[in-house]
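For reference, the structure is listed below as structure tokens.
The values are calculated or read from the model by the stated rules, or taken from the named source; none is laboratory data. Only a predicted model underlies this, so the values are computations on that prediction, with no experimental measurement involved. Every residue, glycine among them, receives a Cβ derived from its backbone with ideal geometry; neighbour counts consider all protein chains shown.
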């Protein structure tokens, strides 16, 4: 049900990510960590774009940049095959 505050672009609460909250100066209460996997079909695994993508995920430069964003943690297996 819409309340008048919604029309004025106001909300009491909403789920989001810490990075976005920081960008807009919003308060943030951590609820839980989430994990995401990239699914790559076996037949594409050796292709150059996929290899470059995985190399980027594993790179120190990428991990360093990611560690500077609020609300992200770097998993040990970032960029690794987890079959």
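Any residue in the stretch 55-80 that is on the phi > 0 side of the Ramachandran plot sitting within a Cβ distance under 6 Å of a residue that is assigned to a loop (DSSP other than H, G, I, E, B)? List the pairs, counting only those 6 or more apart or interchain.
71/17
Please give the helices (runs of 4 or more DSSP H) falling wholly within the stretch 15-78 in which 1 or more residues are at pLDDT 90 or above and loosely packed, with under 10 Cβ neighbours inside 10 Å.
Counting at least 1 such residues, we get 48-58, 60-67.
Residue-by-condition table, conditions (1) closer than 17 Å to residue 80 by Cα; (2) within 17 Å of the chain's Cα centre (by Cα):
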position	(1), (2)
20	no, yes
26	no, no
50	yes, no
56	yes, yes
63	yes, yes
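Within the stretch 31-48, count every residue that is farther than 20 Å from residue 83 by Cβ and either touching a strand residue (DSSP E or B) at 6+ places or on another chain (Cβ under 8 Å) or touching a residue at least 40 places away in the same chain (Cβ under 8 Å) (or both).
Final tally of qualifying residues: 1.
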